[in-house]
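S.K.: The structure that follows is given in the form of structure tokens.
Taken together, the values in this text are just the output of simple stated rules run on the coordinates, not laboratory data. These numbers were taken from a predicted model, which means no experiment stands behind them. Here the Cβ is made from the backbone with ideal geometry for all residues, glycine too, and neighbour counts use every protein chain on show.
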Amino acid sequence: MASTVGVIFSSLNEENIPELIKVRSVGSIPYGGRYRLVDFTLSNMVNSGITTVGMITKNNYQSLMDHLGSGKDWDLARKEGGLILLPPYSDESETLYKNRLEALKGATAFLKKAKEDFVVIADSDAVYKLDYSKVIEFHEKKNADITMVYHEHEVKKSHYYMTFETDGDDRITSLEINPQGHGVKKNYINVMVARTSFLIRLIQNAIQHGYTSFGKDILSPGLETFNMYAYKLEGYYANIDSLASYFKANTDLLNKDIRKEIFGDRDVYTKVNDSSPAKYTDTAKVKNSLISDGCLIEGTVENCILFRGVKIGKGAVVKNCILMSENIVGENCNLAYVVSDKDSVIRDNRVLAGCETQPYFINKGSLI
């Protein structure tokens, strides 16, 4: 693989999921019982041979730092390169970046120091598996200036998204931001490849002209001047852009075929956290659920994702729920379609219910 540096945005599009980012960045949102969202983008990079990764931080990034540490769990604790946390502002500004372009302006110094020929930039709010080396190979073969990765799925209402059309050679011929139409389209998944020197020139030109939007001010006009190509992501893709999509992406893991696709061929790395095995008493009934280490189950659990250290009391019935680490559900409770953040306590005899498209959310550290 050609020498490549990675840049990951740890907390873009956070306005889409305000419930989950009150105490954390988007990348550190818990997922699947033991992972964080950033694990998937970071593991994709490591598995693709990328050993220098710049992580652009923002506010509420303490949990992200605690999770990533030195990067050793991803084999990125290195003397040269490795995992590098980038500040949420540039040398010229003391204010947090507001959008993708401002974040890239803040990462310019990191990119200028990079010795790698190519750069992969990606968000951390999605679950998918992709070999970036194949995207680089495609990029070189097409002699592209910019290669954008897309996934074909139904267009849905969102705060911000981009679709495009291509010709028979995969060259992008038209690009729409927040299109009004419906149906299956080529949706940009915020993964882009370019030569490092080319991206630096784009950023410097944007600074000189006072541009404010990477999509509207650079990509859209670039159709006429750049060689812009599209690379298709095959297989499973889940974008976390609402509490409902977070709920669905987690419960998708209860499908063994999706689990196999996500965790099958290549490893997904995460922070190692040793704890005792889950314990099931003789009153426990568990069906079609993912139960993490350290859980104590005394009640009924169906179609649920339970993170580490969750306790389900006797007589409790918990169905279609996502309970993050150290949640305690009291005796004789009845929960359905609940998403509960970490360290929450639900006292005995409580009845809480939401629905698949509007889960009942419990803030971190709540007592109900």
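S.K.: With springs connecting C-alpha atoms under 10 Å apart, model the chain as a Gaussian network and identify which of 333, 355, 321 has the largest mean-square fluctuation.
M.R.: Looking only at 333, 355, 321, the biggest GNM fluctuation is shown by 355.
S.K.: Connecting C-alpha atoms closer than 10 Å in a GNM of the chain, tell me which of 125, 282, 75 has the biggest fluctuation.
M.R.: Comparing 125, 282, 75 in the GNM, the peak value goes to 282.
S.K.: Report the FRET efficiency, 1/(1 + (r/R0)^6), for residue 113 and residue 366, where r is their Cβ-Cβ distance and R0 is 41 Å, rounded to 0.05.
M.R.: 0.40
S.K.: With label points built 7 Å along Cα→Cβ from the Cα atoms of residue 331 and residue 171, find their separation and express it in nm.
M.R.: 7.3 nm
S.K.: How much net charge surrounds residue 348 when only the other residues with a Cβ under 13 Å from the Cβ of residue 348 are counted, with Lys and Arg +1 and Asp and Glu -1?
M.R.: Around residue 348, the surrounding residues sum to +2.
S.K.: Next up: Nearest 0.05, what FRET efficiency do residue 180 and residue 260 give at R0 = 56 Å with Cβ-Cβ as r?
M.R.: Taking R0 as 56 Å, the efficiency between residue 180 and residue 260 is 0.95.
S.K.: Here's something else I'd like to know. Tell me, what is the FRET efficiency for residue 276 and residue 154 to the nearest 0.05, using R0 = 41 angstrom and their Cβ-Cβ distance as r?
M.R.: So the FRET efficiency works out to roughly 0.45.
S.K.: Counting Lys +1, Arg +1, Asp -1, Glu -1, what net charge surrounds residue 3 among other residues with beta carbon under 13 Å of its beta carbon?
M.R.: Surrounding charge for residue 3 is -2.
S.K.: While we're here: Check the straight Cα-Cα distances from residue 216 and name the lysines below 18 Å, setting aside those fewer than 8 residues away within the same chain.
M.R.: Reachable lysines: 98, 105, 186.
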